[in-house]
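Accompanying notes for the structure given below.
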Amino acid sequence: MKPTLDKHTHCGVNKTLKIIGSKWAMMILHNLFDGTKRFGQLQKTLLGISPKTLSQRLDELEKEGIINKKVYAEVPPHVEYSLTKKGLSLEDMFHTMALWGEKN
């Protein structure tokens, strides 16, 4: 007998939260709506995040197609992060969340 799936298991909200639901993923995206950033710039604006966690979240967002990672062949390495078209499509949702947060 197949297990019965809760109607929330495959809903869009659940899928969205799996991709961008962590505190740091949301804050990274919030920063990238202002434009392309380097790793160090992100780390300075995200107080409390460790380099390891920042690196992991950036990798996860890149794998999901939310951000682009551009590596320049320089010494020291120069890496820039920006939003993809898919990532930019989240901007209205972030704006709505910001408005809600300001009101409440």
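The values are calculated or read from the model by the stated rules, or taken from the named source; none is laboratory data. Since the model is a prediction, treat every value here as computed from it, not as a measurement. Every residue, glycine as well, gets a Cβ built from its backbone with ideal geometry; the counts of neighbours run over all protein chains shown.
Restricting to segment 50-71, name every residue that is touching a helix residue (DSSP H, G or I) at 6+ places or on another chain (Cβ under 8 Å), farther than 17 Å from Lys23 by Cβ and surrounded by 13 or more Cβ atoms within 10 Å (Cβ to Cβ).
Passing the criteria: Asn68, Lys69.
Select from segment 8-40 the residues that are closer than 18 Å to Asn68 by Cβ and polar (S, T, N, Q) and list them in ascending order.
Asn31, Thr36
Can you find even one residue in segment 74-84 that is surrounded by 15 or more Cβ atoms within 10 Å (Cβ to Cβ), in a helix (DSSP H, G or I) and of a type outside the set (A, V, I, L, M, F, W, C)?
no
For segment 53-69, does any single residue satisfy the condition of being modelled with pLDDT of 95 or more, hydroxyl-bearing (Ser, Thr, Tyr), under 15 Å from Arg38 (Cβ atoms) and under 11 Å from the mean Cα position of the chain (by Cα)?
Looking for residues that are modelled with pLDDT of 95 or more, hydroxyl-bearing (Ser, Thr, Tyr), under 15 Å from Arg38 (Cβ atoms) and under 11 Å from the mean Cα position of the chain (by Cα), one finds none in segment 53-69, hence no.
Hey, can you tell me all the residues within segment 88-104 that are aromatic (Phe, Trp, Tyr) and within 12 Å of the chain's Cα centre (by Cα)?
Pass one, segment 88-104, residues aromatic (Phe, Trp, Tyr): 94, 100.
Once the filter is applied, which keeps residues that are aromatic (Phe, Trp, Tyr) and within 12 Å of the chain's Cα centre (by Cα), segment 88-104 yields only Phe94.
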